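In what follows, a structure is listed as structure tokens, so that the remarks can point back to it.
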Amino acid sequence: MSGDDILLRVRDLRVQFGQGPQAVRAVDGVDFAIRRGETFALLGESGCGKSMSALALLQLVPRPAGRITSGEVWFDGQDLLALSEQQMRQVRGHRISMIFQEPMTSLNPVMTVGEQIGEVLEQHLGLPRRARRDRTIELLTDVGIPAPARRIDDYPHQLSGGMKQRVMIAMALAGEPDLLIADEPTTALDVTIQAQVLELLAKIQRDTGMAILLITHDLGIVAETVDHVAVMYAGQIVEAASRRELFASPLHPYTRKLFAAVPDRRKRGRKLETISGNVPPLNRRFTGCRFAERCDEAWLRCREQAPAWTERETDGETHGVRCLRYQPGIEAPRVVSRPGSETGSGETKPASASTLLTVRDLKVHFPIRKGLFKRVVGHVYAVDGVDLQIADGRTLALVGESGCGKTTAGKAILRLIAPTAGEVIYDGQDLARLPADELRRLRARLQIIFQDPFASMNPRMMVGNIVEEGMRAQGIGRTAEERRQRVAQLLEQVGLPPEAARRYPHEFSGGQRQRICIARALAVEPRLIVCDEPTSALDVSVQAQTLNLLKDLQDRFGLGYLFITHNISVVAYLAHDVAVMYLGRIVEQGPVDAILDDPRHPYTRALLSAVPSLDENGREIIRLEGELPSPINPPPGCHFHPRCPDAMPVCAERYPDPVTLPDGRVVKCHLVGD
């Protein structure tokens, strides 16, 4: 790497929280370099030190608890760590900008979008008021905000999640930076919005020569967008190489485990590879390899000797790794291949003759009330005529963009939200019309796993009481002792020790909390579970553990799942059937293979085209113009026609009738029906 090409070089960077033996070494000797105009990715699980490394570059480590204890950060010939706070203010937002992980918590809720972007333009470029407004409108246009002259005066709460993220990008780009730090810029975004954000960053990079430091755990994004990758684990970089070399030949066992944990269709019927345990606490004094406790290839020496950084040249490219197996002078034992984790043929199960749940013409219309007397002036058509069917032992995936009504449909099926109309038939009874006392008796058979496991648990209750609560309400277990024993069994079923019952939710990791929620749902012996984004924003390793658990429980107990998600890779691995939802209605549904192999609705094709892939063959993204229309005033005719690249005049005139194809799928599209 030529010295003239290097924009940023980090040497022996160390960040510590606290003092004494219990001090947490969040970043513990990190080295990397970023060329001008390239995209460099930091990859790894949560808690490995990726975000803290980025904050340290800008001297934004939270004080007084945290401090940078050593290291150098050379940016364009200047050591940033030697600058005063006043000097750093001229660097932040101008020479180096940052897109923070959560836009809503990073934007000021009492300032308009225009005011917040204008602050950057005034501080770093010195633009007068009128020029600031004109430039802000240009930036909002560049990041794809519709009607920017109107949106400039909006507050953050008036924007969707994808639009808030784009405002954050506009703010980061306002200072015309040489380096953009993007911390999980697409986490929990729909695949369509994610594709637009990544396409935008690539265009700006081509136009300006800006370098990007991308922090992510999404391997698909890394495979498609970056030039060089560094893999972090427990505060250190354990492997670094070009993207092409890393994906072709990963060396470190941790990197290989991350790749193996990614779900896809080829792994259906098999258990996903998982990484046992968790990232070790960073207040520990390490003597050997930090990954040794979780590594299948470790031997005694790995626990006694810390590996040195070793580099090898391949086709003129440097590939570095921190592992004793590649360290000169060390004879490593041969790795004994383990038996595969096959659990089936890889094919989806044949359709079950036993229908578990049937949903017909389900509608949820929320009234809009105004005035002193709360007069109804309109409705939000959140769910507008949904038909679904779920069989015993099968998974129906419900996919679509945020705001299309997926979660509302799931809650209405369980009557956590009152349906406006329609039928939800379970065991011969219409749940939508059951009296409250009869519905209460059926609740044990119908459970939900919420998207945010921490928010769905009472933080003042111990885990054992949380899991046991449903059993007490449903009269399951004759005595308190019998219920406690069942709680212990449930925790073991989901991979947690029985003593976890005596701990509180905040003492567990995100993946462990999700397991507690699964145990709570299983406690009342359900037949159907609504899984609302249960793997959203989880690391690939924790996601693999959760998916393996759900699949195993389904095989053992014949559970039916309504799996709400926007992660198409998870759908390809877990689902038997798929329903694609757009603006409150199902536009295509059928067997997972049929829909993934040959999507017929234009919206389905656009969704699948936006999914990042680990393959290097590339893909042609179908870009959807504009935002998802408002469910308050949906477009006439086919709701998708304003964004459809293939729309015909009839699409704006009437909604298409459902068409059943020979492969069993149902499609609502004039291009198919007419």
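The values are calculated or read from the model by the stated rules, or taken from the named source; none is laboratory data. The model shown is predicted, which means the values in this text are computed figures rather than measured ones. Cβ: placed from backbone, ideal geometry, glycine included. Neighbour counts: every protein chain shown. SASA here: full protein model, heavy atoms, side chains in, ligands and nucleic acids out. Shrake-Rupley method; radii C 1.70, N 1.55, O 1.52, S 1.80 Å.
Here the gap between Asn283 and Gln489, fully extended at 0.36 nm per residue and compared with their Cα-Cα distance, gives a gain of 70.9 nm. Straightening the chain between Asp12 and Ile330 buys 112.0 nm, computed as 0.36 nm per residue apart minus the Cα-Cα spacing.
A Förster distance of 41 Å, applied to the separation of the beta-carbon atoms of Gln474 and Asp361, puts the FRET efficiency at 0.85. For segment 438-586, the gyration tensor built on C-alpha atoms gives a prolate shape. Its axis ratio a/c (a ≥ b ≥ c) is at least 1.5, and a/b is the larger of a/b and b/c. Using 0.36 nm per residue and subtracting the Cα-Cα separation, the extra length available between Glu317 and Ser70 on full extension is 86.0 nm. Name the shape class, rounded, prolate or oblate, that the alpha-carbon gyration tensor gives for segment 228-276, where a ≥ b ≥ c are the square roots of its eigenvalues, rounded holds for a/c under 1.5, and otherwise prolate holds if a/b is larger than b/c and oblate otherwise. Oblate is the answer for segment 228-276, as a/c is 1.5 or above yet b/c matches or exceeds a/b. Candidate cross-link partners of Lys668 among the lysines, defined by an alpha-carbon separation under 23 Å and a same-chain spacing of 8 or more, comprise Lys363, Lys406. Estimated from helical segments only, the mean residue ellipticity of the chain at 222 nm is -8500 deg cm²/dmol, where each DSSP H run of four or more residues counts as -39500 (n - 2.57).
Kirkwood hydrodynamic radius of the chain, from the reciprocal of the average inverse Cα-Cα distance over all distinct pairs: 27.2 Å. Could you tell me what percent of the accessible area of segment 538-597 is made up of carbon and sulfur, with a 1.4 Å probe and every protein chain present? Answer for segment 538-597 is 48 percent, counting heavy atoms of protein chains only. Each part reduced to its alpha carbon centroid, segment 449-482 and segment 375-392 end up 30 Å apart.
The mean sequence separation of alpha-carbon pairs under 8 Å and at least six residues apart, normalised by the residue count of the chain, gives a relative contact order of 13 percent.
3J(HN,Hα) couplings calculated from phi for segment 261-278 with the Karplus curve 6.51 cos²θ - 1.76 cosθ + 1.60 (θ = phi - 60°) are, in sequence order, 7, 6, x, 7, 4, 5, 9, 4, x, 10, 6, 6, 5, 10, 10, 5, x, 9 Hz; Gly and Pro show x. Go ahead and run the numbers for FRET between Asp79 and Ala306, Cβ-Cβ distance against an R0 of 25 Å, rounding to 0.05. Approximately 0.35, to the nearest 0.05. Each peptide among 209-215, 456-462 gets the average number of other Cβ atoms lying within 10 Å of its residues, and from highest to lowest they stand as 209-215, 456-462. Taking the 1.4 Å solvent-accessible surface of segment 136-217 as the whole, the part contributed by carbon and sulfur is 51%.
Remark on segment 362-479: ratio of C-alpha radius of gyration to 2.2 N^0.38 Å is 1.28.
Accessible surface area normalised per residue over segment 103-239 is 36 Å², counting heavy atoms of protein chains with a 1.4 Å rolling probe. Using a Cα-Cα cut-off of under 25 Å, which lysines could be cross-linked to Lys257, ignoring same-chain neighbours fewer than 8 residues away? Cα-Cα hits under 25 Å: Lys50, Lys267, Lys271, Lys551.
Each residue of segment 645-651 is assigned a 3J(HN,Hα), and the resulting list reads x, 10, 4, 10, x, 5, 5 Hz, derived from the Karplus form 6.51 cos²θ - 1.76 cosθ + 1.60 (θ = phi - 60°), x at Gly and Pro. Neighbours of Pro280 by Cβ distance under 10 Å: Lys/Arg scored +1, Asp/Glu scored -1, total +2.
Report the antiparallel proportion of the DSSP beta bridges in the chain as a percent, rounded to a multiple of 5. Antiparallel bridges make up about 65 percent of those DSSP assigns within the chain. Does segment 131-175 come out rounded, prolate or oblate by the C-alpha gyration tensor, with a ≥ b ≥ c the root eigenvalues, rounded set by a/c under 1.5 and, if not, prolate when a/b is larger than b/c and oblate if not? Oblate, since a/c reaches 1.5 and b/c is not below a/b.
Can you work out the FRET efficiency for the pair Ser160 and Met461, with r the C-beta to C-beta distance and R0 = 45 Å, to the nearest 0.05? With a Förster radius of 45 Å, E is 0.85.
The simple spin-label model puts a point 7 Å past each Cα toward its Cβ; for Glu119 and Gln19 those points are separated by 3.3 nm.
Pairwise Cα distances in segment 577-663 exceed 23 Å in 27 percent of cases.
Under 5 Å between amide hydrogens, built in the peptide plane, is the criterion, and for Val530 it picks out Gln447, Ile448, Ile449, Leu562 among residues at least 5 positions away or on other chains.
Couplings for segment 577-590, taken from phi via the Karplus curve 6.51 cos²θ - 1.76 cosθ + 1.60 with θ = phi - 60°, read 9, 9, 10, 9, 10, 9, 6, x, 10, 7, 9, 7, 8, x Hz in order; Gly and Pro are left as x.
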